[in-house]
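The values are calculated or read from the model by the stated rules, or taken from the named source; none is laboratory data. Values in this document were obtained by computation on a predicted structure and should not be read as measured data. FYI the Cβ positions are ideal-geometry reconstructions off the backbone, even for glycines, and counts take in every protein chain you see. Quick note on the areas: whole protein, heavy atoms, side chains included, nothing else; ligands and nucleic acids left out. Shrake-Rupley method; radii C 1.70, N 1.55, O 1.52, S 1.80 Å.
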Amino acid sequence: MRLPNWVRLPGRTVRVRLTVLYAILFLVSGALLLAIASGVTVHAVSSSAVSPAGGPYPQPGHTDATRIQMLQSLVNHLQSQVAQLQSQVATQPGQNQLGHALFLSSVIALAIMTIASALVGWLIAGRALRPVSQMTAAAQRISEDNLHERLAVTGPRDELKELGDTIDGLLARLEGAFNAQRRFVANASHELRTPLTTMRASLDVALAKPEPAPPQTVALAGRLRAELDKTDALLEAFLVLARAQHRQLPGYTTLPLDYVVTAALAGQAAAIQARNLTVQDTSGPGGAWVTGSQALLSRLVENLIGNAVAHNADGGWIRVTTQTDGDRATLIVENGGQVLEQQQVDELAQPFRRLGADRTGSDEGSGLGLSIVAAIVEAHGGTLDLRARDGGGLHVRVELPFAASPPAGEGGGPA
């Protein structure tokens, strides 16, 4: 049943619409019942009040004189009845007021019961829609990283149960598709390493022959080796991304973020010096401890530092900060550079998304660096926030669950 246009307000929930429908149905049925009862009562009272009590009526076969006499008698009887009714109305004026009060009380009772029916309808609609709310909450919790979860709707085999089972079947198919995709990336990356190693070994053998190779061959071998190194780095990035998406966390331990930052800056020292960048490391020693895969967390920080170095202006700056905020350990990496648009920055965490060389001053990279960072952060239960700085450059904020530093002598920390 469709509600009237003046009832179906935009933006209202199904529960509200059902409640309004219940109240309207009760109001209409109650008003009809009140009208029928009032009509029957008025008809009964009027019939009993004006109907004559009986008297002689003319019949066929009577003489005219007899008919006149009988009609005169009937008129006298009706006059006496009218006089009696006038006397009753004059002596009992409260009867009309009583009927009016009875009608008003009926209307008030109908209004009260309409409100009560709306409240009861609200409760009934909420109870009827509770399975839908539970399915909605469960579906909102499920993402590509926990597709193994199911709605698991219980209860009788009704339409809601069939809907829940259908959604569970869809989740199962999605889980299979995601797993197949991730297995393909991992397997393909692993299998492609063998021919790359063979090609690199063939180049080494060709250049290691006793007779000197022609200059063109040496130059070609150098270019091929550079491209092989880029391809090998790309495959390594695929493997890291697949491990992070599968939540495979090798080397699980507790370590301080400032140690990982120091190691990453040391690894990028040559590139930082080549571009004459100024690095501000405001990390406090031993402050922000986290628990996770040392290899993946190191890769996370290395990618962020490498991104800040590559997409920067010569003579620019980089600022790195680690801190704790309640139960969260925070890593902030900022760098200068060209002014970026936030709409483009929002897409950098997706694979193979990178800003053009005309915006960043660099065409290096595979476009997987920040997507690997996003996958590692999500695998460790953290959050990643990318912001374009007003003055140019990028602001990256990573939040991970904070872990108390392990007591001395109980392990943990960097290996």
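Around the amide H of Gly337, modelled in the peptide plane, lie the amide H atoms of Ala313, Gly393, all under 5 Å away and 5 or more residues distant in sequence or on another chain. Summarising the overall dimensions of region 176-309 from its C-alpha atoms, the Rg and Dmax are 19.5, 59 angstrom. The calculated FRET efficiency for the pair Ile36 and His148, based on their C-beta separation and a Förster distance of 60 Å, comes to about 0.50. In this structure region 108-209 gives 67 Å² per residue of accessible area when probed at 1.4 Å with all protein chains present. Once both labels are positioned 7 Å from their Cα atoms along Cα-to-Cβ, the gap between Gln342 and Arg328 label points is 1.7 nm. The label point for Ala266 and the one for Arg173, both projected 7 Å from the Cα toward the Cβ, are 5.3 nm apart.
Quick one: if the Förster radius is 25 Å, what FRET efficiency do Thr194 and Lys230 give, using the C-beta to C-beta distance and rounding to 0.05? Please report the intermediate quantities before stating the final value.
Numbers: r = 17 Å, r/R0 = 0.70.
It comes to 0.90.
Distance between the modelled labels on Thr383 and Ala111, one decimal in nanometres: 4.9 nm (7 Å Cα→Cβ projection). Considering only protein heavy atoms and a probe of 1.4 Å, how much of the accessible area of region 158-224 is carbon and sulfur, as a whole percent? Here carbon and sulfur together make up 67 percent of the probe-accessible area.
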